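Please read the structure below before turning to the comments.
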Amino acid sequence: EAEVAQSPRYKITEKSQAVAFWCDPISGHATLYWYRQILGQGPELLVQFQDESVVDDSQLPKDRFSAERLKGVDSTLKIQPAELGDSAMYLCASSLGGGDGYTFGSGTRLTVV
Amino acid sequence: GENVEQHPSTLSVQEGDSAVIKCTYSDSASNYFPWYKQELGKRPQLIIDIRSNVGEKKDQRIAVTLNKTAKHFSLHITETQPEDSAVYFCAARNSGNTPLVFGKGTRLSVIA
């Protein structure tokens, strides 16, 4: 079964440092999503890509977060500077688009100390 | 935008009993309603979904019902087993390529 690859699985960083997460969606999936999941809550959308274009980044804290998908395949999410409140699971998901369900990656658990 | 409410937040059932989790949504244009299961430390996995043109869908011990008029949908798990213990999330989205909006999750514990 095809999977969404994410790395790293775990990341501990000090506040004010920069951190980056990587996601490789299922081959052929044009739509890629980054979600943040705070412990005990549901995933919340940060950014949605269609191919290399941002479709929705209305909930992305753009003063510190950035995301790119330069070639329309893999994607990077960056936080600079990290804050204590950024501690969460960062989930990447992909879909063919057009209304089907997502396939999620295993996520990156970020701890900011 | 869409808002999804999920209840209860925690649910404990005896093995073999049924479990029901309910969600309401706000956007009457929403037409796709998936359910995800997330085991501890693992990624959410799609277990069943339903589209607005049907009222019920069943897959073995799992079923989902949709009431478009009331804007709510429910997950039913029958003959629960300990391996059903997990956090379950409902989600909704409207037409087009809009992203899923998730509920806050229900932690289901099946007691042997």
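The values are calculated or read from the model by the stated rules, or taken from the named source; none is laboratory data. Model, not experiment: these values are computed from the prediction. Every residue, glycine among them, receives a Cβ derived from its backbone with ideal geometry; neighbour counts consider all protein chains shown. Surface accessibility is based on the protein's heavy atoms, side chains included, excluding ligands, DNA and RNA. Shrake-Rupley method; radii C 1.70, N 1.55, O 1.52, S 1.80 Å.
For region A:16-113, the spread of Cα positions along the three principal axes, ordered from largest to smallest, is 38, 28, 21 Å.
The apolar share of the surface of chain A, taken as the fraction of accessible area on carbon and sulfur atoms (1.4 Å probe, ligands and nucleic acids excluded), comes to 47 percent. Excluding ligands, DNA and RNA and using a 1.4 Å probe, chains A and B jointly bury around 1700 Å² of accessible surface, summed across both partners. Among the residues of region A:80-99, those with an accessible-area drop of 10 Å² or more from chain alone to full protein complex, heavy atoms and 1.4 Å probe, are A:Met89, A:Leu91, A:Gly98, A:Gly99. For region B:36-96, the solvent-accessible area with a 1.4 angstrom probe is 51 square angstrom per residue.
Peptide A:27-37 has a mean shielding of 1, counted as Cβ atoms of other protein chains within 10 Å of each residue's Cβ. Projecting the Cα atoms of B:Gln60, B:Phe89, B:Pro8 onto the charge dipole of chain B (Cβ charges, centred on the Cα centre) puts B:Phe89 farthest toward the positive pole. Once you divide the Cα radius of gyration of region B:3-57 by 2.2 N^0.38 Å, the number left is 1.31.
For the protein assembly as shown, the convex hull spanned by the alpha carbon atoms encloses 120 Å³ per residue.
Our summary gives chain A a relative contact order of 37 percent, counting only alpha carbon pairs under 8 angstrom and 6 or more residues apart.
With r as the distance between the Cβ atoms of A:Lys71 and B:Glu5 and R0 = 35 Å, compute the FRET efficiency 1/(1 + (r/R0)^6) and round to 0.05. The value I calculate is 0.35.
For region B:47-112, the relative contact order comes to 23 percent (Cα pairs under 8 Å, sequence separation of at least 6). Each DSSP beta bridge with both residues in chain B is either parallel or antiparallel, and the antiparallel ones are about 90%. The local environment of A:Arg69, defined by Cβ-Cβ distances under 10 Å, has a net charge of -3 under the rule Lys, Arg +1 and Asp, Glu -1.
Within region B:26-107, the percentage of alpha carbon pairs spaced more than 15 angstrom apart rounds to 56%.
Find how many whole Å separate the alpha carbon centroid of region A:48-65 from the alpha carbon centroid of region B:45-77. The two parts, judged by their Cα centres, are 30 Å apart.
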